[in-house]
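In what follows, a single structure is set out as structure tokens and then discussed.
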Amino acid sequence: MLTEHLTDDDYYHALVERDAALDGLAFVCVTSTGIFCRFTCPARKPKRENCRFHTTIAECMEAGFRPCKRCRPLLRPGEGDPVIAPLLEALEADPARRFRQSDIAAMGFDPSTVRRAFKRRFGMSFLEMARQRRMGAAVQRLAGGGPVIEAQIDAGFESGSGFRSAVTQLFGAPPRHWKDMPLLKASFLDTPIGPMVAICCDHALHLLEFADRPALPAEIRALRRDNKTGIVTGRTAVTDRIEAELTGYFAGKPAAFTVPLSRHGTPFERQVWQALRAIPPGETRAYLMLATALDRPTAFRAVARANGANRLAIVIPCHRVIGSDGGLTGYGGGLWRKRWLLEHERRMTAGIPASTAEACP
């Protein structure tokens with residue numbers, strides 16, 4: 001494939017140049033806006049650290065990004081298809097609608113034909129795409145008050161449980177043959193910089209992420225797949241433990257996290273995550289410094305990928321990694337949170353009360 005050997009730097013250069021050769025073969029996801037675009041989009045180009053690149057629309061939507069309204073990346077591949085274009089128009093007009101098979105039939109289309117056409121074009125069915133749009137709309141409403149997410153997860157929804165229901169759908173109902181198997185338990189934890197989702201078993205913490213992280217849906221699916229089990233809402237003793245340790249952390253107590261962690265990731269990723277945990281609060285490292293410390297000085301890109309694959313925010317402090325020039329690099333929870341956490345830890349180690357740190361932008 002044309003995109004097989006391209007690096008993210010190659011993609012970004014093509015984006016800046018509006019290279020039409022990659023149109024439809026790859027897409028840019030912009031973390032600062034939550035949208036994804038074609039490479040020829042006329043909008044002002046985002047900063048490099050805010051860009052994520054995927055080669056399919058399915059990957060973009062599964063990562064929680066919604067299509068750009070200017071370049072309309074969904075319509076471009078479907079031009080001339082009498083099945084796809086009208087349904088995409090209907091979805092764009094009402095992205096919060098709960099579409100069903102009967103709605104497709106009522107528009108005069110055969111549901112089986114629509115399913116095959118969307119799978120062929122986008123890698124997901126129309127109903128799957130509609131579900132992804134509803135999830136993206138829920139996150140967008142949560143963030144609608146400005147850059148700082150309100151701690152109360154219910155704010156801004158038609159019903160108080162709207163967002164919880166949207167995220168809960170990601171966990172899925174476990175198949176019947178899992179009925180007697182241990183399930184992972186998911187719970188929402190409030191923090192001064194926004195709600196987090198903690199997923200635990202009876203023995204370890206498997207995932208800790210901010211609830212509005214664009215990649216959260218894909219991470220939850222990967223977690224279900226890797227553990228071959230289901231996820232339901234609930235708590236374990238591990239949930240109580242990580243909640244207590246997070247409370248202490250945000251109160252300005254410098255004690256290390258001792259909650260037991262699940263063993264996931266490749267051997268190299270685990271090596272990088274261990275190096276991240278060795279960075280003291282109040283200090284930072286560059287990707288190259290981490291790679292050198294691991295005796296892999298040329299593997300700084302692999303270190304960056306392992307950093308991005310971390311599913312345990314704050315506990316494995318990937319926010320303490322910055323660019324070689326001292327600038328902030330991308331962070332799944334948002335650069336404003338990265339700034340907040342670094343400033344919070346600077347004040348923590350300086351003995352400044354946490355109440356003043358909570359005023360950080």
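No lab work stands behind these numbers, since they all come straight from the coordinates. Quick caveat, the model's predicted, so the values are computed rather than measured. Glycine also receives a Cβ, built like all others from the backbone with ideal geometry; neighbour counts cover every protein chain displayed.
Within the set of other residues whose C-beta is less than 10 Å from the C-beta of residue 127, count the net charge using Lys and Arg as +1 and Asp and Glu as -1.
+2
How many nm is it between the label spots at residue 89 and residue 258, if each spot is 7 Å from the Cα in line with the beta carbon?
Those two pseudo-labels are separated by 6.4 nm.
Going by C-beta contacts inside 10 Å, put 298, 40 in order with the fewest on the left.
Fewest to most other Cβ atoms nearby, the residues stand as 298, 40.
Dipole of segment 267-357, Cα-centred, from +1 at each Lys and Arg C-beta and -1 at each Asp and Glu C-beta, to the nearest 20 debye?
The dipole of segment 267-357 has a size of about 200 debye.
Dipole of segment 183-227, Cα-centred, from +1 at each Lys and Arg C-beta and -1 at each Asp and Glu C-beta, to the nearest 20 debye?
That gives a dipole near 180 debye.
Dipole magnitude of segment 1-69 about its Cα centre, charges +1 at Lys/Arg Cβ and -1 at Asp/Glu Cβ only, in debye to the nearest 20?
So the magnitude is around 480 debye.
If we count every other residue with Cβ under 10 angstrom of residue 265's Cβ, Lys/Arg +1 and Asp/Glu -1, where does the sum land?
Overall, the nearby charge balance is +1.
Using the count of nearby Cβ atoms within 10 Å as a rough guide to exposure, how do 109, 36, 188 rank from fewest to most?
Lowest count first: 188, 109, 36.
Beta carbons within 10 angstrom, averaged per residue: use that to sort the peptides 323-331, 24-32, 301-309, highest first.
24-32, 301-309, 323-331
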